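Novice: Can you keep this structure in mind? I'll have questions shortly.
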Amino acid sequence: MLALSFRNREDKEADITEKRTLGKTGGKNLFREMAEGLVTAIVVALLLKTFIIQAFRIPSGSMIPTLDVGDQILVAKLAYGIRDPFGDHYWIHFSGPRRGDVVVFRYPKDESKDFIKRVIGLPGDHIQVRGKKVFVNGTPLSENYVQYLQPFVTDEPTRDVMKEVVVPAGSYFVMGDNRDDSYDSRYWGFVRENKILGKAEIIYWSWNNVSHRVRFSRIGRKIR
């Protein structure tokens, strides 16, 4: 009986020890699974950001009314091809931007900054501004997305009047929709295609910095 009692106690102790061991092993497995899941999520997020889609926030009003301050947008990085993430060339090039596309690009004067504007002139186009009106190859451009806040003045030669320029090969002429308050190709020139990061597609969030409220009416709006 005494031996049996000891065996029962040993069995119980063994059960407790085994459960503790299982508990430790299970904890390690759980921690490893969580770590692997976190690493996988980070890798997927980096791949998405690098090759497929990237989120940006609009900090200025140069694209009003299409994009307002506080809008957060998704940019399709595969819109024009698959880019080398460490360089400025395309591994696979689909097509160039079209006139009217809203694109994000590296600012030519300081490539650490990203700008967003609308494509107005394609390679080879003749672009001119007369009395605020944009002419492409001698024809007035129809622009139902443009906002003008100030009257035409003759002493604004860059903003309201611009001599004809020819867009070089592999480059684009871009302008903001808030035409009187946009620092764009009228002032600093053309954007090389290999500096374009992608095409703006949709507003996924919008926050009014003045009223501190969500602008629900803008969420989900496609960028055209």
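The values are calculated or read from the model by the stated rules, or taken from the named source; none is laboratory data. Quick caveat, the model's predicted, so the values are computed rather than measured. Quick reminder, even Gly has a Cβ in these numbers, built from the backbone with ideal geometry, and neighbours come from all protein chains shown.
Novice: Out of the residues in region 160-178 that are among the charged types (D, E, K, R) and in contact with a Ser or Thr (Cβ under 9 Å, 6 or more places away or on another chain), state the one that is nearest to Ile116 (Cα to Cα).
Specialist: Top of the filtered list is Asp177.
Novice: Among the residues in region 179-202, are any in contact with a helix residue (DSSP H, G or I) (Cβ under 6 Å, 6 or more places away or on another chain) and assigned by TED's automatic domain parsing to the domain that holds Asp68?
Specialist: Within region 179-202, none of the residues are in contact with a helix residue (DSSP H, G or I) (Cβ under 6 Å, 6 or more places away or on another chain) and assigned by TED's automatic domain parsing to the domain that holds Asp68.
Novice: Does Glu156 fit the bill of being more than 19 Å from the chain's Cα centre (by Cα), modelled with pLDDT of 95 or more and among the acidic types (Asp, Glu)?
Specialist: Considered against the rule, which asks whether it is more than 19 Å from the chain's Cα centre (by Cα), modelled with pLDDT of 95 or more and among the acidic types (Asp, Glu), Glu156 comes out as no.
Novice: Can I ask one more? Does Gly124 satisfy being loosely packed, with under 13 Cβ neighbours inside 10 Å, more than 23 Å from Thr66 (Cβ to Cβ) and modelled with pLDDT of 95 or more?
Specialist: Answer is yes for this residue.
Novice: Tell me, which strands (runs of 3 or more DSSP E) wholly within region 93-180 include 1 or more residues that are in contact (Cβ under 8 Å) with a residue 60 or more places away in the chain?
Specialist: So the answer is 102-106, 114-121, 171-175.
Novice: Only one residue in Arg224, Arg218, Arg213 is within 28 Å of Glu111 (Cα to Cα), within 23 Å of the chain's Cα centre (by Cα) and among the charged types (D, E, K, R). Which one?
Specialist: Unique residue meeting the criteria: Arg224.
Novice: For Gly198, which of the numbered conditions (1) more than 30 Å from His89 (Cα to Cα); (2) part of a strand (DSSP E or B) fails to hold?
Specialist: Every listed condition holds for Gly198 apart from (1).
Novice: Please count how many residues of region 57-90 are assigned to a strand (DSSP E or B) and within 15 Å of Leu197 (Cβ to Cβ).
Specialist: Residues that pass the stated criteria total 9.
Novice: Quick one: how many residues across region 93-123 are within 16 Å of Leu141 (Cβ to Cβ) and polar (S, T, N, Q)?
Specialist: 0
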